[in-house]
Amino acid sequence: MEQLIIHGGAGSLEGKIEHAQAMHDSLCKIWEESFDILQKGTAEETVCHAIRMLEDDPIFNAGTGSKLQADGQVRMSSALMDGTNNRFSGVINVQNIRNPIEAAALLSKEENTVLSGAQATEFCRKNGMDDYNPVTQERLEDYKKRCSGKHGTVGTVALDNEGHIFAGTSTGGIGYEIPGRVSDCPTVAGTYASTKAGVSCTGIGEQITQQAAAAKIVTRVEDGMPLHEAVTLTMSESNKFSYLYGLISLDSEGHVEVGKTEALDEVFYAFHDNNRIRTFFA
Ligand code: GLY
């Protein structure tokens, strides 16, 4: 049985309530189109497709519409995890490309699977990815006001009918951070999968990394804990530190689970439930 869950970021409204409907509509459209791909194709194709669409929608903080770091530059990160082959790949602080998830997918075929900074950008150029400016007027205005939103990120986890699980995450960071900051997204704390489960996180990257959240949940499921319990336990451990983040996950039986810490207002996500797409403001 195929299963697909996508997210458009924890706390991504940041008070802009007028964006709620647009986010809902966008998540529904992306979920539907991506689920069509999952029914005919693989979890890998589906995750890459969904994240490309999320990156291309400027309402989300990834790809086009990424936040600017404190020096006025956009640096994006993205990761892809193949749960069957235990293969993690990603780019850290890549610049001037349209779809960081495509770079992560290309790197999954290389011996060295994670690249950062200028060398990551150079790798993209060598592989035919065109120069592209992801800055939008709205993000530029936020930058001028020195907005550090602390939130954003997009992610997808898919299970295909061959039983393969892929997880992917992409982010423009938190905004106005120290140039070169590394978020959780291109680490196994933010994006992880195995044959049993997959997780994509969103929220404050440092806190997600400190909790090793995605890898911890997947390991707990590997060790026999049901997904629901693994997510609940990990969230309660994070609540002890008042951490602020959320996540989407699924297991090999097609159960989906969304987690968020008590400090987080909302996670925007979508999944299939009794033939309906549900988007939530968790
Ligand atoms: N989770 C995204 C970030 O911290 O940049």
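Of note:
- The per residue volume of the convex hull around the alpha-carbon atoms of segment 84-205 is 112 Å³.
- Average accessible surface area per residue within the chain, 1.4 Å rolling probe, Å²: 41 Å²
- Rounded to whole Hz, the Karplus (6.51, -1.76, 1.60) HN-Hα couplings of segment 137-143, x for glycine and proline: 4, 5, 5, 5, 4, 4, 5
- Across LYS40/LYS109; LYS145/LYS216; LYS216/LYS240, pairs whose alpha-carbon gap is larger than 25 Å: LYS145/LYS216
- Pairs of C-alpha atoms in the chain farther apart than 29 Å represent 22 percent of all such pairs.
- When you restrict to C-alpha pairs under 8 Å that are six or more residues apart and normalise by the size of the chain, the relative contact order lands at 24 percent.
- Counting Lys and Arg as +1 and Asp and Glu as -1 over every other residue whose Cβ lies under 14 Å from the Cβ of ALA118, the net charge comes to +1.
The values are calculated or read from the model by the stated rules, or taken from the named source; none is laboratory data. The structure presented is a predicted model; accordingly, all values stated were derived computationally and were not measured. FYI the Cβ positions are ideal-geometry reconstructions off the backbone, even for glycines, and counts take in every protein chain you see. Remember, those area values only see protein heavy atoms, side chains included, never the ligands or the DNA or RNA. Shrake-Rupley method; radii C 1.70, N 1.55, O 1.52, S 1.80 Å.
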